[in-house]
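To start, the structure itself, in structure tokens.
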Amino acid sequence: MAGLITASVSGAAADPANPNKRLRFNAELRGRFEGYTGLGFEAGNEDAYYLHRMRLGLRWEPSSWLRLNASVQDSRAPGRREPVPASAANPFDLHETYFEAGRPGEGWTVRAGRQGLSFGNERLIGFSDWSNVSRLFDACRISYQRGGARLDGFVAALVRPDPERFDRFRSETQLHGVYASVATRSGQVLEPYLLWKRAGGDSLTQNIVTTGARLVGPLPERLDYEIETAFQTGRFAAGVVRSWAGSWTLGRRLGEAESAPRLFFEYDHAAGDRDPQDGVRTTFDQLFPTNHSKYGIADRIGWRNMRATRVGLKLQPGARWTVGLDYYSFWLARRQDSLYGADGVAVLRNPSATSSHVHQEFDAQADVRLAEALSLSLGYAHVFPGRFLKQASLGWPLNFAYLMCRLRL
């Protein structure tokens, strides 16, 4: 089970002689309890723990074209099994701290400093805010926007949380790219991009270029769609990279009102490696995504060496209620390759398995806004192991549940 409490307080101080000078304070307090049974697909392997996160921030706008943002974050995970992952605990540290020059939505803007990066539907680059720490980069981002067109260029180095000291600039994992977005009056949005990941270590180096595009928009008869495809080339250690991935979604609103139920079907594919010894790496690299809302809230799989189908239903029973029901089925794209977790790390491998079917998952989530400043959320996921999991692990079903409450003042 998980619980989330978020308190946000903000205020502004203005100089009477210059109304453009504004000072804003904000604070967030978040706690979440999470509970699992069947971890590692093993009977009796259970865990429940609390995740705590506090953020304090200050935003100063000395003029209409200049903004300064500074914040700190304290993330802890009391009761979690050792070793506690860096995504769960990182005591008192800098959070988003940057300066931004320019007028958003009007021509050029520049943002430099420690910041989150988010593009498109966050399948490749996202803030990953479900994580107790969330993902940050030391980056410089230059943007140009006019009307429905926007172009972003950025150079960035991934910030790796260090629980023992303040997170420092480290250049071993870099991400650079250009991301464009063009929106039409009919609501169609096209987002082409070019991304370059560079990573180095003691035993391997990565130099991966990702080119792709995302297309989303409405269709006649209350239909809507989303398509994203990406192709990768480059080098991984001594081998070359040749890979691709895609996601296709078709939805339909079951009524004229915007609040009507929406039914959708989604198919996802990410290439795997058929022969790890041939010098050609065809496993797709998912880069730095937000996966929690994409491939099941139990977070058992990522956008690597996988095929997935998803049927979902979004409901709004009342003005303050939303409910989501999702059913997934997952397969390995290549049995010779590993099963990769939501974080992109290999978790299981069994090339001799007689089936590539990994598992099915049922998710149920509900969100209710109790008041303007108070909301409550809860969810449950059940994972049904497929034949691959039964042959590569102990094959026990997994359960995950959470409860969330958010207060903003």
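Bear in mind that the values in this text are calculations on the coordinates, not laboratory data. Values in this document were obtained by computation on a predicted structure and should not be read as measured data. FYI the Cβ positions are ideal-geometry reconstructions off the backbone, even for glycines, and counts take in every protein chain you see.
Our note on the geometry: Cα centres of the range 52-99 and the range 233-280, 31 Å apart. Considering only alpha-carbon pairs that sit under 8 angstrom and 6 or more positions apart, the relative contact order computed for the chain is 13 percent. The residues neighbouring residue 227, those whose beta-carbon lies less than 14 Å from its own, together hold a net charge of -4 under the Lys/Arg +1, Asp/Glu -1 convention. Counted residue by residue at 0.36 nm each, then reduced by the alpha carbon distance between them, the extension gain from residue 254 to residue 316 reaches 21.2 nm. From least to most packed, judged by other beta carbons within 10 angstrom and beginning with the fewest, 233, 282 follow the order 233, 282. Ordering 360, 99, 49 by the projection of their Cα atoms onto the charge dipole of the chain, which places +1 on the Cβ of Lys and Arg and -1 on the Cβ of Asp and Glu, puts 99 at the extreme positive end.
Just one of (i) 69, 45, 36; (ii) 75, 54, 48; (iii) 63, 53, 39 is Cα extents along the principal axes in Å calculated from these coordinates, so which is it? Of the labelled values, this structure produces (ii). Taking the empirical scaling 2.2 N^0.38 Å for compact globular proteins as reference, the range 136-250 has a Cα radius of gyration ratio of 1.32.
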